[in-house]
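Encoded as structure tokens, the structure appears first; notes follow it.
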């Protein structure tokens, strides 16, 4: 019996700062109903649900998944909530994959929503992950933590803030073709450089927005794929790893490559590629959808996942190597997380955008002849990392 797991349908709302016309539960319902409609399925065709939900402090409602169960057709079905910070959406996809791959269920609905802008200070909420005694009073935050990372990387490899800006320019340009993207526009390096400094070397445009919206995906086994989807995307590779909570332990002289070069991503990428039968990602993978809420995170993932050597991705960016048109690999045709970051479902959106490229259903963002696409998700200042590879054919497992 085939253990193949396929993406059968997807849905995502447009993302923006506020969705005042809907409650959180209504947003989740929109996504669930949209994904079922896309797959040509009804709630009775779904065996289980995975709810993608990061911190709920943003909206002031604890455990908002409970509030949403009736709206997402979950009453009477098994439901799992997944939460790994920013990596949550990717973890939710891999959880659903395992539930189907194990043979426990025929089909699983992955759904989630985000209302991050409902708090006046999302950064304060995010900073609560840091240790009270050792880290929070520094003050360490997601922005300052990533700024330390960026400073170390630029110093190690001799790049500049302008090199970071090129990533933002490409992302915003790609997002012009994405009807759901939060930020988009034909901007220049000078525009990025002129944006306010947040935490050196990160400027405002180097950092993602706070996005609200919802997303959903339906995955199923081969029997369900034959029934409901003429051209599915098969989940051929999944991998995830976690590193220590203590950022300082990743920045000592003997471990700084773990932090600056993001070695965790390399370990995960190797495992994911091995499962998917990918030996040369530059030749075998046509599209990537990286979780990149900061402009430093795109090149590091390209390097650690084997698309280029250490310290070379920014140089190749200058040559248009990662462009959708004329590039070697289409990096984030959607604009990526730099343009849209609804934390609870960002990794899910990355997976949706990657899988739709394989299904040939990416609309104006479609890259020609996509055989394999990769998505990633990152959480907890790189404490959590996962990677998923989608293919147009199932592989033998």
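Observations on the model:
- A Gaussian network model of the chain, with springs between Cα atoms under 10 Å, assigns the largest mean-square fluctuation among 33, 194, 165 to 194.
- Of the residues 129, 116, 189, the one with the fewest other Cβ atoms within 10 Å heads the list, and the complete ranking is 189, 129, 116.
- Scoring 261-273, 376-388 by mean Cβ neighbours within 10 Å over their residues and listing the highest first yields 376-388, 261-273.
- Of the residues 339, 229, the one with the fewest other Cβ atoms within 10 Å heads the list, and the complete ranking is 229, 339.
- Fluctuation leader among 163, 258, 319 - the chain, Gaussian network, Cα springs under 10 angstrom: 319
- Within the chain, antiparallel bridges make up roughly 70 percent of the DSSP beta bridges whose residues both belong there.
- Taking every alpha-carbon pair under 8 Å whose residues sit at least 6 apart, the stretch 256-397 reaches a relative contact order of 29 percent.
- Relative to the dominant Cα principal axis of the chain, helix 161-175 is inclined by about 30°.
- With contributions of -39500 (n - 2.57) from each DSSP H run of at least four residues, the per-residue ellipticity at 222 nm computed over the chain stands at -10000 deg cm²/dmol.
- Global form of the stretch 291-397, assessed from the alpha-carbon gyration tensor, a/c cut-off 1.5: rounded
- Rounded tilt (10° steps) of 88-101 against the dominant C-alpha axis of the chain: 40
- For the chain, the relative contact order comes to 26 percent (Cα pairs under 8 Å, sequence separation of at least 6).
- Gaussian network model of the chain, Cα within-10 Å springs - most flexible of 115, 166, 66: 66
- Degrees separating the helix 263-276 axis from the principal Cα axis of the chain, which is the longest one: 30
Every number here is computed from the coordinates shown, using simple stated rules; none is lab data. In this text, all values refer to a predicted model and were calculated from it rather than measured experimentally. Every residue, glycine among them, receives a Cβ derived from its backbone with ideal geometry; neighbour counts consider all protein chains shown.
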